[in-house]
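Undergrad: Dumping the structure here so I can ask a few things about it.
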Amino acid sequence: MTTGIINIRKFIFYFLISFTLTSCNDLGEFKSSPQFPGDSNEFDLFLKEKARWVPPYDIEGIVILELKISEYGKIDSIRVINSLCQECDNEAIRIIGEVEKWIPARKFFINRPGSLLVAIPFGPGYIGIQND
């Protein structure tokens with residue numbers, strides 16, 4: 001009888017450990033990363049609407065930023081991971097800084113600080129070069 005209880009305790013222990021180590025998005029997002037408050041189409045539209053700077057020369061590429069988002073959805077810091085040029089970096093930081101509130105990371109339904117990478121494209125059809 002005692003071995004049956006020990007086996008049940010082991011099963012519960014291993015079940016709880018495996019349950020806490022997995023991110024279970026299908027069952028209600030036990031773990032998630034910070035994200036833009038909208039889908040990818042809304043993010044693309046946001047980038048195009050907020051862009052004000054047009055470079056004096058043709059430039060094409062991607063500026064990648066690392067954002068640290070607080071548990072309240074505010075940007076704590078922005079770091080340039082992939083630089084295109086100083087003007088493009090400044091424009092990408094300015095545009096991302098205009099997002100008022102991000103959706104913070106969550107773990108077990110509790111908001112947590114987190115980080116994410118954001119790619120800002122510069123080129124035809126994106127920021128900086130106007131299509132004719």
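Undergrad: For TYR72 and ILE59, calculate 0.36 nm times their separation in residues minus their Cα-Cα distance, and state this gained length in nm to one decimal. All intermediate terms of the calculation are to be shown ahead of the outcome.
TA: Values: separation 13, 0.36 × 13 = 4.68 nm, distance 3.56 nm.
Length difference between fully extended and current span is 1.1 nm.
Undergrad: Which of the aspartates and glutamates could be linked to LYS31 by a straight reach, that is with a Cα gap under 17 Å, when you skip same-chain ones fewer than 8 residues away?
TA: GLU71
Computed from the coordinates by the stated procedures, all read-outs in this text should not be read as laboratory data. Please read these numbers as outputs of a predicted model, since none were measured by experiment.
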